Amino acid sequence: MNVNAEQELFARFANIVTEPSEKDAILGVAPKVIVSPANTEQISAILAFAAENNLAVIPRGAGAQMAIGSAPSRADILLDLSKMNTIIAYEPGDMTITAQAGTSIGAIQRAAAEYRQFLAIDPDVEESATIGGIAAVGINGTRRMKYGGVYDQILGAQFVLADGTIARAGGKIVKNVAGYDIARLLCGSLGTLAVLTEVTFRLQPKPPFSRWIGVPSPTLEAAQTVVQLIRQSQLSPSAIEVVPAADGFVTALSFEYTAAAIQEQVTALRQLLGKKYGAWYIAKPNFSLPKNAFALRISAPPSQTLPILQKVLEISEPMHIDWVAHVGFGAIETSVNAAPDAVVRLTGQLRPVCEAAGGALVVSGDGLSALPELDPWGTVSSAPLMRSVKSYYDPKSILNPGRFVDGI
Amino acid sequence: MIASEIIHLFESAVGPMRVITHPAERKAFASDALLHYHEPPELVVFPETTEQISSIVKICNTHHIPFTPRGSGTGLSGGATPSPESVVIATAKMRKIHRIDIANRLAVVDPGVINSDITKAVASAGYFYAPDPSSQSVSTIGGNVAENAGGIHCFKYGFTVNHILGAQIVLGNGDIVEVGGEAMDMPGYNLLSVIVGSEGTLGIVTCVTVRLTAQPQSIVTALVPFASMESAGAAVSAIIAAGIVPAAIELMDQLTLQVCENTIHAGYPENAAAILLVELDGPQAEVEARIADVAKICRNYEALNWKIATLPAERALLWKGRKAAFAALGQLGAHLFLHDGVVPRTKLPEALKRLTDVGRRSGLWIATVLHAGDGNLHPVVLYNDDQEALAEQVAADILTMCVELGGSITGEHGVGLDKREFMNVMFTENDMAAHQKLRLAFDPLGISNPGKIYPAPNMCGEGAKKYKQHPLEQNGTITRL
Ligand SMILES: Cc1cc2nc3c(=O)[nH]c(=O)nc-3n(C[C@H](O)[C@H](O)[C@H](O)COP(=O)(O)OP(=O)(O)OC[C@H]3O[C@@H](n4cnc5c(N)ncnc54)[C@H](O)[C@@H]3O)c2cc1C
């Protein structure tokens with residue numbers, strides 16, 4: 001950013017501009033200024049200014065998930081959305097909630113809980129993580145299997161384009177096919193197409209009861225057998241997860257029904273598993289992984305999840321990795337505390353395995369700042385079309401430049 | 001007119017037998033199920049492979065000829081009505097189910113595969129394809145994807161968009177692109193999210209990977225008559241507020257239920273002012289407990305009666321009545337105009353009241369069926385030859401009312417040609433410009449089904465003559481959102 005632009009920025013946005021500190025760097029790249037808008041019009045003005053002066057803008061919610069993607073190729077303005085944290089409308093009877101993008105997921109869940117409702121995503125992030133950030137990253141937790149991803153919860157959004165245009169897509173109702181579903185497209189776009197300013201989500205009713213059942217197994221092969229039996233049966237768990245245990249593995253299932261129906265499901269599960277495997281009520285396992293320098297996330301067709309996990313564990317020997325396998329919908333999340341070159345090796349060996357199975361491997365974490373050459377995303381077959389989309393929404397590439405797939 | 005040399009190019013791409021040029025034959029492709037609009041295409045081509053579609057589109061691209069994808073032509077918004085001077089690309093010869101993968105609960109199918117054929121192919125393994133538009137026995141998966149089709153079981157199971165894992169699409173320049181896949185949450189933009197529901201304007205879908213859903217263990221359908229639409233609507237709200245997620249929850253007014261009963265004899269009580277059809281599915285104990293809750297709630301809202309069906313044949317009969325609504329109303333001899341607006345569920349009572357007012361004011365009969373759980377209204381307006389203008393005014397009133405109440409002009413039938421002039425009731429110019437950047441990215445020349453969804457500034461008045469008048473703005477009822 002040249003001196004003139006910087007001076008003008010300070011002059012025009014005087015009371016919302018601050019100097020960044022070291023901790024504001026994005027994977028080692030320091031922004032020049034932080035701007036903390038209080039409303040959508042200010043965001044529009046900032047983006048229009050940035051577009052005119054070709055300044056790179058990095059949107060940030062609570063900063064809970066900034067170590068995702070590559071380091072930005074340039075960073076001028078850190079657009080801090082944390083002041084945009086108002087719940088605009090919550091209509092329990094409609095089961096929809098509209099909030100500014102900087103609203104924390106915790107605030108949403110608390111508001112919804114008053115009416116025995118919830119937003120059906122449970123990504124492994126702090127409560128302070130913002131819904132805008134969660135939508136932009138498009139991450140999911142164990143609820144993915146029953147309720148779908150973030151994409152499936154979003155009903156509409158207001159957003160600001162790179163040139164400052166304020167626009168809306170979708171609506172505030174649960175069913176709507178008027179116009180392209182841009183709100184859904186923005187989920188998982190890592191803030192590279194537009195800045196989300198307001199989001200409407202659908203909510204779900206809390207089930208009467210929710211219980212977890214654990215099926216221990218000594219080996220991963222045995223866990224795979226258990227999972228296959230369950231998936232081929234008429235049981236309907238809300239989640240199927242595999243986690244490590246002291247003496248092997250546990251397949252953890254959640255059932256969300258009336259008490260009688262849970263009982264019925266557990267009885268059927270025990271019958272299905274026979275004498276070979278036990279099934280016990282357990283506390284909800286802790287699916288939260290320790291934060292380490294690196295996190296590897298694998299997507300795979302569900303039936304391939306455990307075979308790939310097996311490979312992950314073999315190849316990563318003797319490194320220690322923490323993991324959880326979402327076998328119900330086909331994902332493995334890992335947290336890796338290892339030297340950067342070891343992670344490069346691991347990625348190099350595992351990524352082809354995942355891609356051959358029709359999946360993908362994505363690397364994230366603060367450790368990426370030491371690995372500028374590593375492509376965190378891997379190759380994406382439709383990258384040219386994605387680039388084309390990017391070029392129409394953000395022709396100067398000022399939104400999160402260089403952070404997304406294929407250098408977008 | 002497409003020059004004969006260019007026709008030859010199409011013929012050599014798919015074979016002469018797969019190109020229709022004769023005017024009389026072409027006429028059959030001039031409309032979809034919304035017969036108000038007709039525009040005979042220049043040509044109709046019947047490709048059999050993705051590569052052939054790519055070649056066809058490349059010819060269109062080189063010669064700037066618009067094309068309109070077509071499935072079974074059951075669309076209700078003019079989506080498959082040919083764009084002026086266009087080539088129709090029909091998927092009728094692409095009906096193969098390529099692969100069924102039960103372990104991963106997916107199937108890979110051609111775009112011309114009929115929705116219910118997927119379920120037929122996997123039923124014996126204990127699965128089904130969940131989105132169930134009433135047209136499912138004839139509509140294609142490509143058309144369902146393009147319209148993001150819904151159905152009576154979408155309240156619980158979600159719409160088409162929630163059941164598509166991947167697609168292959170031929171872009172406006174003929175490039176073949178794969179989006180999504182067999183694994184979820186792949187890196188990159190979620191392009192599938194916008195391809196679904198794009199009404200053929202982002203290219204033509206040539207292969208689809210659909211999700212399969214396990215059949216529920218137990219299903220119960222309840223038929224509940226009420227003395228008024230209001231009390232039935234209030235019961236719907238109460239059921240949902242109790243945290244119950246019915247597989248389907250449908251409401252019919254008296255006119256509709258009487259007409260359906262006369263044709264199908266499904267056992268609907270004709271003296272009721274409204275009937276609610278509620279279906280619950282899932283584990284047996286769950287269904288038993290929840291159906292008892294539903295019964296209690298309905299009693300609290302003064303239900304006139306309570307009847308449940310558990311046997312497949314009984315349940316099918318109850319649904320047959322509902323699914324025949326449109327056809328049965330058609331037998332009354334009037335013209336029908338079927339609407340598809342949505343209101344927030346809590347606004348249903350008000351919407352129903354205003355709908356009655358609209359009917360009274362206009363003097364037209366309005367029969368209403370609704371996907372009550374999602375607030376998706378299907379008022380069917382009946383009118384005679386000389387009442388067309390009145391029917392248009394009523395259409396405008398209904399759509400505006402939905403938007404005023406915080407809803408949408410379409411819940412599942414799409415905008416197409418029919419409602420594009422109403423898009424600006426929901427969206428600002430800026431909104432629509434932002435949406436349409438997407439179209440440029442997929443189809444810079446704008447040859448893929450042009451003129452659909454968004455009011456096209458350069459084609460004003462060409463396709464849709466109907467709503468040019470804009471009665472909304474004239475009478476000052478429009479409020480932009
Ligand atoms: C009696 C009746 C009941 C209906 N009930 C319902 C209902 O319950 N729910 C509901 O949602 N709809 C319903 N519909 C509407 C209609 O059936 C759906 O919109 C259906 O999805 C259309 O499928 P189709 O194959 O007939 O598509 P068409 O009508 O041929 O085409 C629809 C649109 O899709 C595009 N298209 C078709 N194939 C492709 C392709 N391969 N790639 C890209 N674009 C393509 C066309 O260009 C057009 O814009 C009903 C229609 C009728 C007549």
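Where a number appears in this text, it was derived from the coordinates with a stated rule and is not lab data. No experiment lies behind these values; they were computed from the predicted model shown. Positions of Cβ are generated from backbone atoms using ideal geometry, with glycine treated the same way; all protein chains shown enter the neighbour counts.
Summary table
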| quantity | calculated |
| --- | --- |
| Kyte-Doolittle at least 0.0, axis length at least 20 Å by Cα - qualifying DSSP helices, chain A | A:259-273, A:340-356 |
| Total charge dipole magnitude, the range A:262-371, about the Cα centre, Cβ charges on Lys, Arg, Asp, Glu only, Debye to nearest 20 | 340 |
| Calculated from backbone phi, Karplus (6.51, -1.76, 1.60) coupling profile of the range B:391-401 in Hz, x at Gly/Pro | 4, 5, 5, 5, 4, 4, 4, 5, 5, 5, 4 |
| Computed over the range B:97-214: relative contact order in percent, which uses C-alpha pairs under 8 Å that are six or more apart | 32 |
| Flagged links, alpha-carbon separation over 19 Å, of B:K96/B:K120; A:K175/B:K419; A:K172/B:K452; A:K23/A:K291; A:K396/B:K437 | A:K172/B:K452 |
| Dipole of chain B, positive direction: furthest Cα of B:A313, B:G172, B:V210, with charges on the beta-carbon | B:A313 |
| Neighbour-limited loop hits for trypsin sites (Lys or Arg not before Pro), the range A:284-316 (at most 15 other Cβ within 10 Å; DSSP other than H, G, I, E, B) | A:K291 |
| Listed residue (B:V108, B:S362, B:L34) projecting farthest to the positive dipole end of chain B, Cβ model | B:V108 |
| In nm, spacing of pseudo-spin labels at B:Q331 and A:A283 (7 Å Cα→C-beta vector) | 6.4 |
| Sparsely packed GluC sites (Glu not before Pro) within the range B:240-310, loop by DSSP, other Cβ within 10 Å at most 13 | B:E270, B:E302 |
| For the range A:1-104, size of Cβ-based charge dipole, Lys and Arg +1, Asp and Glu -1, in debye | 180 |
| Cβ-derived FRET efficiency at R0 51 Å, A:M319 paired with B:A316, nearest 0.05 | 0.35 |
| Neighbour-count order for B:C154, B:C402, B:C207, fewest beta carbons within 10 angstrom listed first | B:C207, B:C154, B:C402 |
| Residue order, fewest to most beta carbons within 10 Å, for B:M426, A:M66 | A:M66, B:M426 |
| Among A:I166, A:G133, A:G188 the positive-end extreme of the charge dipole of the range A:87-205 (Cβ point charges) | A:G188 |
| Whether the range A:209-282 is rounded, prolate or oblate, judged on the alpha carbon gyration tensor where a/c under 1.5 counts as rounded | prolate |
| Sites B:T62 and B:R95 - FRET efficiency at Förster radius 25 Å, r taken between beta-carbons, to 0.05 | 0.30 |
| For the range B:46-93 and the range B:225-268, distance of Cα centres in Å | 40 |
| Mean separation of Cα contacts under 8 Å (6+ apart) over length of the range A:209-282, as relative contact order % | 45 |
| Dipole moment magnitude, nearest 20 debye, chain A about Cα centre, only Lys, Arg, Asp, Glu C-beta charged | 1060 |
| Distance from the range B:367-434 to the range A:340-376 (C-alpha centre basis), Å | 49 |
| Shielding of A:379-390 by partner chains, average beta-carbon count, 10 Å | 6 |
| Shape call, the protein assembly as shown: gyration tensor on alpha carbons, a/c limit 1.5 | rounded |
| Percent RCO, i.e. relative contact order, over chain B, from Cα pairs under 8 Å lying at least 6 residues apart | 15 |
| Fewest-first sequence of B:D385, A:D181 by Cβ atoms within 10 Å of each Cβ | B:D385, A:D181 |
